[in-house]
């Protein structure tokens, strides 16, 4: 089984950006100028490509082998998520979807530098870990600091699993 790390490794970085990708992004914002960068990145970059099927199949087969070797394997995987809450009452809408037959003419006011709190929770087998309240933005460093507060009895007996966005490149996995 392969494990990942959130520590910086030499040679890893952003992939090169092609002119085709730049034009595709420009076109997305021409059609929907108020679309958030996060929403656009989900729509543009998360398409399943033909090569992805083999990678996903390989991942599934690897998971089945791990389960065959250890029936308690899934009990040691930590699933986690975080959300941002603004003191001003502003809602972080990165996970909210609006559906309609036409584009509404609405103005969205953005308040910059509003105080906020990030809330992190985890699920580990039959336990809920947290909530942990973090004043800073959740990064790989703050994530690791949060994991250090988890009581030893609640930790898995092997390494914790990290959000795929932090270790996918280290595992050589794209678009999981």
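The values are calculated or read from the model by the stated rules, or taken from the named source; none is laboratory data. Note that the structure is a prediction, hence the values are computed from the model and not measured. Backbone-built Cβ (ideal geometry, glycine too); neighbour counts: all protein chains shown.
Name the residues in region 147-167 that are in a helix (DSSP H, G or I) and either at pLDDT 75 or above or over 23 Å from residue 74 (Cβ atoms) (or both), would you?
Result: 147, 148.
In this structure, does residue 112 turn out to be loosely packed, with under 13 Cβ neighbours inside 10 Å, modelled with pLDDT under 75 and more than 30 Å from residue 57 (Cα to Cα)?
Taking the combined requirement at face value, the residue satisfies it.
Select from region 44-77 the residues that are under 30 Å from residue 114 (Cβ atoms) and out of contact with any helix residue (DSSP H, G or I) (no Cβ under 7 Å at 6 or more places or on another chain) and write down the one among them that is modelled with the highest pLDDT.
Filtering first and then ranking leaves 45.
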